[in-house]
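S.K.: Quick one: structure below, then a few questions.
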Amino acid sequence: IGKYPLGAVKMINSLIKQYNRWTPNSSFEDILFDWKYLTMKNAAIFWFTGLSGAGKSTLSLHAKDKLNANGWTVKILDGDNIRANYNIKLGFNREDIEKNNMNIVEICKAQRKNYDVLLVPVISPIDHFRKIARKMLEPVFHLIYLSSNIDSLRKRDPKGLYSKADKGEIDNLIGYSK
C-alpha cells in the first residue's frame, strides 16, 4: 500500500465489506477478479461524488495507480474533463447538470467492455439522477460519497471556486452557492 493515501485504502476495504459474498479478508483484487470473469469484462464502475475539492479526482488517480500496478485496466472518466470536451456548452443549472451526468453514463456504457474498472469522479449533486445512473449501470455500479466540511474545502480550494463564489464572481458553485 505504501505510497497510496490512507483514504484510498479505507475506501477499497469498505467496498469489500459491503458484500456478503466476500469476507473481510477478501482483497479488492478478489472482487475485481469475480467481476472480470463473471461479467465477461463488464467494468466495475466506482462513481465518486462529493463537493468540488473533496478529493474525488485525487482518490481516483491513486486507486488507478494501485489497480494498474496489479494488472487491471482502468479508465478515469473525470466529470471536469468530460464537461470540458463536451460538444454542447453546458451550464450548471439542474437541466445541464443532468445532461452532463447522462453523457457520463453513456460514456460508461460505451467503455465498460474495454476496461476492468471505470472510476468516475463527478459532483453529481442530484440524488434522483444518481439513482438513474445506478439503474443504467448495474450490476457493478458503486456510489462513493466523499464528505468534506465547507471550511476545509474553502481552505484548500484547489480550483479557486470557493473564493470566487465568496467574492460573487460566480453564483453557481454546486452545493455552495445559494
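The values are calculated or read from the model by the stated rules, or taken from the named source; none is laboratory data. Just so it is clear, the model here is predicted, and its values are computed rather than measured. As a convention, Cβ positions derive from the backbone with ideal geometry for all residues, glycine included, and neighbour counts pool all protein chains shown. Surface areas here come from the heavy atoms of the whole protein model, side chains and all, with no ligands, DNA or RNA. Shrake-Rupley method; radii C 1.70, N 1.55, O 1.52, S 1.80 Å.
S.K.: Evaluate the following for Gly71: is it surrounded by fewer than 12 Cβ atoms within 10 Å (Cβ to Cβ), modelled with pLDDT of 75 or more and over 26 Å from Gly175 (Cβ atoms)?
M.R.: In short, yes.
S.K.: Would a scan of region 118-139 turn up a residue that is open to solvent by less than 70 Å² (accessible area, probe 1.4 Å) and among the basic types (Lys, Arg)?
M.R.: Yes.
S.K.: Counting only residues that are hydrophobic (A, V, I, L, M, F, W, C) and touching a strand residue (DSSP E or B) at 6+ places or on another chain (Cβ under 8 Å), which one in region 45-68 is nearest to Lys131 (Cα to Cα)?
M.R.: Restricting to residues being hydrophobic (A, V, I, L, M, F, W, C) and touching a strand residue (DSSP E or B) at 6+ places or on another chain (Cβ under 8 Å), the top hit is Trp47.
S.K.: Among the listed residues Ser152, Ser124, which satisfies the condition of being on the phi > 0 side of the Ramachandran plot and at pLDDT below 90?
M.R.: None of the other options fit; the residue is Ser124.
S.K.: Then there's this: Quick check on Asp78: is it of a type in the set (Asp, Glu), crowded, with 16+ Cβ neighbours inside 10 Å, under 19 Å from Ile174 (Cα atoms) and out of contact with any Leu (no Cβ under 6 Å at 6 or more places or on another chain)?
M.R.: yes
S.K.: Can you tell me which residue within region 161-178, out of those that are more than 12 Å from Leu51 (Cβ to Cβ) and surrounded by 12 or more Cβ atoms within 10 Å (Cβ to Cβ), is modelled with the lowest pLDDT?
M.R.: Step by step, filter region 161-178, then rank; the result is Asn172.
S.K.: Of all residues in region 88-103, which are open to solvent by less than 40 Å² (accessible area, probe 1.4 Å) and out of contact with any Leu (no Cβ under 6 Å at 6 or more places or on another chain)?
M.R.: Of everything in region 88-103, those that are open to solvent by less than 40 Å² (accessible area, probe 1.4 Å) and out of contact with any Leu (no Cβ under 6 Å at 6 or more places or on another chain) turn out to be Leu90, Gly91, Ile97, Asn101, Asn103.
S.K.: Here's something else I'd like to know. Just to be sure I understand, how many residues within region 123-139 are touching a residue at least 12 places away in the same chain (Cβ under 8 Å) and part of a loop (DSSP other than H, G, I, E, B)?
M.R.: Selection size over region 123-139: 5.
S.K.: Give all pairs with beta carbons closer than 6 Å in which a residue from region 149-165 that is touching a residue at least 24 places away in the same chain (Cβ under 8 Å) and assigned to a loop (DSSP other than H, G, I, E, B) meets a residue that is among the hydroxyl-bearing types (Ser, Thr, Tyr) and open to solvent by less than 60 Å² (accessible area, probe 1.4 Å); count only pairs at least 6 apart in sequence or on separate chains.
M.R.: Asp157/Ser163
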